[in-house]
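Working notes, beginning with the structure itself.
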Amino acid sequence: MDIPYTTQLREDTNLYNAKVGIWLFLASEVMLFGALFSSYILLRVGAPPGTWPHGLLNIPIGTFNTFVLITSSITVVMAWASLKMGNFGKFKFFQAITLLCALGFLSIKTFEYRDKFIHYEVWKNDGTRMTGHIEGNPWFWNTQMLKDKKLASITFSADAHHYAEPRKHGAEARAGHGGHGEAVQIPAADIKRLSAFVPAHSTYFGIYFTLTALHALHVFGGALVIGYLWGPGAKMWKTDPERFTNRIEVSGLFWHFVDLVWIFLFPVLYLL
């Protein structure tokens, strides 16, 4: 039995079935990410003044990843256009670049996540806070683990800029303490709280990992589809080129959505 409207346009929508389906699916995706972005806005607006973290993400890496995804959006369009012109070889070339960009984005994101798991913030009893790395690069340390190990002190390599927590009298300015990466001994008795930059660190990192991990899953899923159509699925080009071209267009629409989500994520999480 032939499936109708795989290439022929429907009379009611003037679209073929797969394109109707992807637009409906993307509408649900907009609602999903819209709810998460709305939650982020409400959590940030409701946070007490001076408590929302800033400057804890690697902006150059985030910027580079943005350019990687923008490049992949261009190559997806070029691949589809190549098929429309009947050039299968160029389609393979441009989609290969798209897949490399997807792999590069996920690899960079993995590196960024790893850095967060070994990057720490120390809240001291005197009200000051320091960010940096603990000697030995332990993973997922927290205050309770520090107590369980019964350490007298930790060797902490502070970042170039750490800051003081606003005092009880309401001072809003954060006082810089220099630092410049020097290693300092911090007595365990002086540590009020210790946390890596993981979801348990703060509401900010909770929403950061939720949004970026969900987005990374979408990148991975989109890359799987594009990879299949680039590899085994490309056999359809010989038997039904128009339908194959439609499949590439549909996968490209999803990929553009994934890229668009990141274009919103980057400034919201990294810059604002």
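Say we look at region 59-71 and pick out the residues that are touching a residue at least 12 places away in the same chain (Cβ under 8 Å) and of a type outside the set (Val, Ile, Thr); which of these is surrounded by the fewest Cβ atoms within 10 Å (Cβ to Cβ)?
Applying the filter and picking the extreme gives Phe64.
Among the residues of region 1-58, which ones are among the charged types (D, E, K, R) and surrounded by fewer than 14 Cβ atoms within 10 Å (Cβ to Cβ)?
Asp2, Arg10, Glu11, Asp12
Within region 85-99, can one find any residue that is free of Cβ contacts under 8 Å to residues at least 40 places away in the same chain, more than 30 Å from Gly136 (Cβ to Cβ) and of a type in the set (D, E, K, R)?
Looking through region 85-99, at least one residue is free of Cβ contacts under 8 Å to residues at least 40 places away in the same chain, more than 30 Å from Gly136 (Cβ to Cβ) and of a type in the set (D, E, K, R).
Somewhere in region 32-53, is a residue of a type outside the set (A, V, I, L, M, F, W, C), farther than 20 Å from Thr210 by Cβ and touching a helix residue (DSSP H, G or I) at 6+ places or on another chain (Cβ under 8 Å)?
Within region 32-53, not a single residue is of a type outside the set (A, V, I, L, M, F, W, C), farther than 20 Å from Thr210 by Cβ and touching a helix residue (DSSP H, G or I) at 6+ places or on another chain (Cβ under 8 Å).
Could you list, in sequence order, the residues of region 72-91 that are buried (at least 16 other Cβ atoms within 10 Å of the Cβ) and of a type outside the set (A, V, I, L, M, F, W, C)?
Ser72, Ser73, Thr75, Ser82
Just so you know, all these numbers are worked out from the coordinates, no wet-lab data involved. None of the values given here were measured: they were computed from a predicted structure. So basically every Cβ, Gly included, is an ideal-geometry build from the backbone, and we count neighbours across all protein chains shown.
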